[in-house]
Amino acid sequence: MTPDQIRARFFYRMNELSEELADRLCHVDPDTTAAFVVTDIGDTGAGAEIRGEARMHVDPVTATAEFALAVDPEFVSQGIGGTLLRRLLDECRRRGLAELWGDVLVDNHAMLDLVRHLDPRNTVEHGAEAGLNRVRLVV
């Protein structure tokens, strides 16, 4: 991931992944979390590279889920983000959740456009913190 992509995904810059964050990203509790990745086979056939990742964390009290999404910058505008968001929405429906939501940096126009494009009923609101928008996707 590029530094700008890390900032868009985690809202701050980091040079390396902490052991704690790496563990949390790699070990998904199926009761509270769902995660999906898109991979390809490298040019040399040596192994798959992750080109996109999306996950959601369920809040059982509100019957909603918060999502996060990242797509390799070289693969933006190829449908990966939309495919991953649709998978998360399908998972929300399967679990009977009322809403999928996420916070998005105000300058992350690609993500905000994707949310609006997926369903015109999706909303973008000013977030609780400066520089963030809250997006709410129709399940």
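The values are calculated or read from the model by the stated rules, or taken from the named source; none is laboratory data. These figures come from a predicted structure and were not determined experimentally. FYI the Cβ positions are ideal-geometry reconstructions off the backbone, even for glycines, and counts take in every protein chain you see.
Quick one: is ALA110 of a type in the set (Gly, Ala, Ser) and closer than 29 Å to ASP40 by Cβ? Judged against the criteria, ALA110 is a match. In segment 98-111, of all residues being within 18 Å of ASP59 (Cα to Cα) and within 17 Å of the chain's Cα centre (by Cα), the one that is modelled with the lowest pLDDT corresponds to ASP103. Would you confirm whether any residue within segment 65-88 is surrounded by 14 or more Cβ atoms within 10 Å (Cβ to Cβ), in contact (Cβ under 8 Å) with a residue 40 or more places away in the chain, in a loop (DSSP other than H, G, I, E, B) and within 14 Å of the chain's Cα centre (by Cα)? Yes - at least one qualifying residue is present in segment 65-88. Just one residue in the set THR39, THR62, THR32 is in contact with a Pro (Cβ under 9 Å, 6 or more places away or on another chain) and surrounded by fewer than 13 Cβ atoms within 10 Å (Cβ to Cβ); that residue is THR32.
Number of residues in segment 13-40 that are at pLDDT 75 or above and either of a type outside the set (S, T, N, Q) or over 21 Å from GLY81 (Cβ atoms) (or both): the value is 14.
Name the single residue that is modelled with the highest pLDDT among those in segment 112-133 being under 15 Å from GLU99 (Cα atoms) and of a type in the set (S, T, N, Q). Applying the filter and picking the extreme gives ASN122. Set side by side, the residues PRO73, PRO60 differ, and just one is touching a helix residue (DSSP H, G or I) at 6+ places or on another chain (Cβ under 8 Å) and not basic (Lys, Arg), which is PRO73.
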